[in-house]
Amino acid sequence: MRKIIFFVLAVVLSTAAFAQSDSSNHFIAAATYNSGLNYYGRVDSLHSKGYYPSLGFSLKNGLYATSTFVFIQNSMVNEYAATLVEGGYNFGNKRWAGSLSASRYFYKADVSLVQSAVKEVVSGSLTNLNKVLNVTIGANVKFSGYTDLGAQAGVDHIIRFTRVLGGVIVLDPGVNAFGGTQNFTKTAYQQKNFLVFPVAEEEVTTSTRRFSLLSYELSMPIVYGYKKLNLIFTPSYVLPQNLITVTGQPALSERGANLLYVTATVKYTL
C-alpha cells in the first residue's frame, strides 16, 4: 500500500510541475519555538518544549521542499531529536486552495517524541475560500509499524489589517477536528479444560483497530508581514479525545489533557 500511495503522489506532483501557481521561485528560512510539543494533545511525561529551524524552497509552479531540524527541551534533556523532510505541491485560486505532500522522519535513537512511531506521512487538504468562513477538509496516511488513516475538518476566518508599522497584520481564528485510526492490543486469560475439568490458563492477545475522534483544536494565528519577513505568533488550545488507556499499565497508556500552548515563528522569504 505504501508503494502505491507514493507512486500515485509522484505522478500527481510530476503533473503539477507544469502548472503555474506563483510568479517566482523562493528560498525560505524559518525558526519556530513551541511551548508544548504534542501529538493531537498527546504529550510525553516531561511535557517537552521544542524549537526547530527549517530551510526550504518553493517553485513558481507550486512545488516545494523543506527540511526541518527538531530539538527538544525538558527537565532532563536539551538535544537534537529528529529531522523532517517534506516535499509537496501547493495550488489555489480565488475560491480554492489546497496541498499534497509526503513527509519522512529521521529520528535520533531512543528519542522521546510522542509521535516517534510515525515514520512517513502522505497528506492532502482542500480549502474553500470565502469572505465569511473558509472550510477545510483533509486526509492523511501515516506509516509506522501499522498503517493509520487520518482525517481533518475545520473552519477559519481571515481578518486583515494593512499599513500597520509599514507592513500587514493578519488574524486567522479557527477551529479544527482531527480523527484517525487507533490500534489496540488486549491481553486476557482463557481457561483451558480437559473434558469438564479446568487444567490451565492460556494467555490470549488480540489486536483491533478503530477510527476515532483524536482531538479538537482552537487556534489564533497572528501574522505580521513586512517585505520578505513574517513574524507568526499562534496561541492554540487542544482538547485530546479517546486517549488509549491500558489497565494496570500506565507506561503503555497515552498521556494527555486539555493543553494551551503557543508557537512563535520567524520566517524569511528570499
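Of LYS227, LYS142, LYS60, the sequence from fewest to most neighbouring Cβ atoms within 10 angstrom is LYS227, LYS60, LYS142.
At q = 0.16, 0.17, 0.19, 0.30 Å⁻¹, what is the log10 ratio I(q)/I(0) for segment 49-100, with the Debye formula run over Cα points and no solvent? Taken in order of the listed q values, log10 I(q)/I(0) reads -0.60, -0.64, -0.71, -1.07.
Each of ARG104, ARG95 has some number of other Cβ atoms within 10 Å of its Cβ, and from fewest to most they run ARG95, ARG104. As a ratio to 2.2 N^0.38 Å, the alpha-carbon radius of gyration computed for segment 215-269 takes the value 1.69.
Listed cross-link partners LYS142/LYS228; LYS60/LYS267; LYS108/LYS227; LYS49/LYS267; LYS94/LYS267 are compared with a 30 Å cut-off, the Cα-Cα value being larger for LYS142/LYS228; LYS108/LYS227.
Any read-out appearing in this document is the output of simple, stated calculations on the displayed coordinates, not a laboratory observation. Everything numeric in this text was worked out from a predicted model, so none of it was measured. Neighbour counts run over all protein chains shown; Cβ positions are idealised from the backbone, glycine included.
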